[in-house]
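Below you'll find the structure, written out as structure tokens, and then a few comments.
The values are calculated or read from the model by the stated rules, or taken from the named source; none is laboratory data. Note that the coordinates shown come from a computational prediction; the quantities given were computed from them, not determined experimentally. Every residue, glycine among them, receives a Cβ derived from its backbone with ideal geometry; neighbour counts consider all protein chains shown. Just so you know, the surface numbers come from the protein's heavy atoms only, side chains and all, with ligands and any DNA or RNA stripped out. Shrake-Rupley method; radii C 1.70, N 1.55, O 1.52, S 1.80 Å.
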Amino acid sequence: MSNVDVVVTGLGATTPLGGDVASTWDALLAGRSGVGHLTQEWAGSLPVRIAAQLAVDPSEVLERVRLRRMDRSEAMAVIAAKEAWADSGLADAGLDQERLAVSFGSGIGGAITLLDQDDILEQHGPRRVSPHTVPMLMPNGPAAHIGLDLGAKAGVRAMASACATGAEAVALGLDLIRLGRADVVVAGSTEAVIHPLPVAGFASMRAMSTRNDEPERASRPWDKNRDGFVLGEGAGALILERADHAAARGARIYARLAGAGITSDGYDIVQPDPECRGGIRAMRMAIEDAGLTGADIHHVNAHATSTPVGDMGEIKGIRAAIGSHPILTSTKSMTGHLLGAAGALESIAAILALRDGIIPPTINLDDPDERLDLEVAAHKARTADIQAAMNNSFGFGGHNVALVFTRA
Amino acid sequence: MATRTEITSGLAEILEEVAGVNPDDVAEEKSFTDDLDVDSLSMVEVVVAAEEKFGVKIPDNEVQNLKTVGDAVTYIEANH
């Protein structure tokens, strides 16, 4: 436990369900799927022809010339961070920029730029390769662009821990404020890899759903007939702020970021530990860090990606670390799996569930796996008095991150 | 053979596409960096696009001499 309290004072997102937090949250509560057919010509030859693409393309939001110097993942990051910043009211708060940090990551980085520029290199030679290539594909690009936009001078950090990136970036933000390195941190993550190579790569791992005829039913965490995750894209941003700093300026507070736990499996490069031992330690660590016990956690926004192995390991883990009482959901049933951005978007969902006392549904849970022995908000949003909520994120490489949010 | 006016308007199209420069602002006496706010990476893009549009080669050691739009027009006029 730390004696420095950290609160969330702004949220921003661009997702397959909406171009901002409000539209995304409405769609989540309504149980709407953001998954659709990939209509691009390249998709025709792939085994997977479905994905959750952005509801609002960055070209509708950002200025054209700026956009052509950014990777899609960077553009999404900037859009989400702008919304969160405006939402926080910090623009007019006279914040010392040397006390503002960024902790923003991506699971894969500027892969679309890398692949597109490689095409140009092959077809037209090196002279035609864009001079913006390197800053567009570098994994710290999203964090750096946000830092430039806001004039952040307390360090711009770029996390990369595959599908745990977003949650780990938030956890790092918590550390930065607790250690006194910043008063405010823009934390979150972005991912934009809906492109034939990453899709083919994941498909070759047999990790993705091939329910190509029923895109809206393809992401079905914990359902008996789940057959893999559905790739999504998007970004989520949270403004983390030292509680006394937020109080002094009369900021609107969404929730308290009460604790974080980070562990690694040491088990396999991609397979999750079937006993979820690393996940259990992360969850316990986060609960202890928050000064709570498992009994206090009322809701878990689970990692549950709709893969046959991963979903059930986490159930064992939640039961061991928290107990049999929390109500679970997997918003990936609607958004698909945003990979590195998942932890940021799902933290936002957990925070809003806490604030509004309503848990978004897990759609497509028609025929639950018989090993699912915990309560899930299946099909429809569920009202609940939530005092504390957890977000879990696990990633290739054996990364496990749990975050605990409590009511403001 | 393109005239100086045609080359200038061709450069204006490239500058708009690459750097968002208003074509009305493009004139021979304007400096790429000081007047039109074209940064060094964008200048590389302008040069490559101009090479293609006008069928010229603009070597890197020549680019530093192209301070104004007029300098570029003169080079292109002499070499295409």
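Being under 24 Å from A:F202 (Cβ atoms) and open to solvent by 10 Å² or more (accessible area, probe 1.4 Å) narrows it down to one of A:N364, A:N301, so name that one.
Checking each option against the conditions leaves just A:N364.
Going by the structure shown, is A:G10 more than 20 Å from A:G228 (Cβ to Cβ) and surrounded by 24 or more Cβ atoms within 10 Å (Cβ to Cβ)?
yes
Please determine, by comparing only the residues of segment A:211-247 that are hydrophobic (A, V, I, L, M, F, W, C), out of contact with any His (no Cβ under 7 Å at 6 or more places or on another chain) and open to solvent by less than 10 Å² (accessible area, probe 1.4 Å), which one is farthest from A:L257 (Cα to Cα).
Applying the filter and picking the extreme gives A:A218.
Checking B:K53 against (1) within 14 Å of chain A (Cβ to nearest Cβ); (2) in a loop (DSSP other than H, G, I, E, B); (3) under 26 Å from A:H124 (Cα atoms): exactly one of these is not met. Which one?
Every condition holds for B:K53 apart from (2).
For segment A:83-95, give me each residue that is at pLDDT 95 or above and either outside the structural domain of A:R181 (by the TED database) or open to solvent by 70 Å² or more (accessible area, probe 1.4 Å) (or both).
Answer for segment A:83-95, where residues must be at pLDDT 95 or above and either outside the structural domain of A:R181 (by the TED database) or open to solvent by 70 Å² or more (accessible area, probe 1.4 Å) (or both): just A:A86.
If only one of B:K53, B:K57 is of a type in the set (K, R), under 25 Å from A:M70 (Cα atoms) and surrounded by fewer than 20 Cβ atoms within 10 Å (Cβ to Cβ), which one is it?
B:K53
Suppose we filter segment B:56-77 for residues that are more than 14 Å from every other protein chain (Cβ to nearest Cβ) and under 11 Å from the mean Cα position of the chain (by Cα); how many remain?
11
Among the candidates A:E63, A:E98, which residue alone is within 14 Å of chain B (Cβ to nearest Cβ), open to solvent by 70 Å² or more (accessible area, probe 1.4 Å) and acidic (D, E)? It would help to see each step written out before you state the result.
Numbers: A:E98 fails: within 14 Å of chain B (Cβ to nearest Cβ).
None of the others qualify; the one that does is A:E63.
Can you tell me which of (1) of a type in the set (F, W, Y); (2) open to solvent by 40 Å² or more (accessible area, probe 1.4 Å); (3) under 19 Å from A:I297 (Cβ atoms) is the one A:F394 doesn't meet?
The number of the failed condition is (2).
Does A:S189 qualify as being open to solvent by less than 10 Å² (accessible area, probe 1.4 Å) and more than 28 Å from A:L11 (Cβ to Cβ)?
no
Do the conditions hold for A:R355, that is, is it part of a helix (DSSP H, G or I) and surrounded by fewer than 24 Cβ atoms within 10 Å (Cβ to Cβ)?
yes
Taking into account only those residues within segment B:32-47 that are under 11 Å from the mean Cα position of the chain (by Cα) and open to solvent by 20 Å² or more (accessible area, probe 1.4 Å), which is farthest from the other protein chains (Cβ to nearest Cβ)?
If we take residues in segment B:32-47 being under 11 Å from the mean Cα position of the chain (by Cα) and open to solvent by 20 Å² or more (accessible area, probe 1.4 Å), then B:M43 is farthest from the other protein chains (Cβ to nearest Cβ).
In segment A:118-189, which helices (runs of 4 or more DSSP H) lie fully inside it and hold 2 or more residues that are more than 24 Å from A:G89 (Cβ to Cβ), away from every other protein chain (no Cβ under 14 Å) and under 16 Å from the mean Cα position of the chain (by Cα)? Break it down into steps so the answer makes sense when it comes.
Numbers: elements: A:133-137, A:141-150, A:165-178.
Passing ranges, in order: A:165-178.
Please verify whether A:D87 is free of Cβ contacts under 8 Å to residues at least 40 places away in the same chain, part of a helix (DSSP H, G or I) and more than 14 Å from chain B (Cβ to nearest Cβ), treating the condition exactly as stated.
no
Taking into account only those residues within segment B:1-31 that are outside any helix (DSSP H, G or I) and of a type in the set (D, E, K, R), which is most open to solvent (accessible area, probe 1.4 Å)?
Checked segment B:1-31; the qualifying residue most open to solvent (accessible area, probe 1.4 Å) is B:E29.
For segment A:358-408, how many residues meet the condition of being farther than 24 Å from A:M159 by Cα and outside any strand (DSSP E or B)?
22
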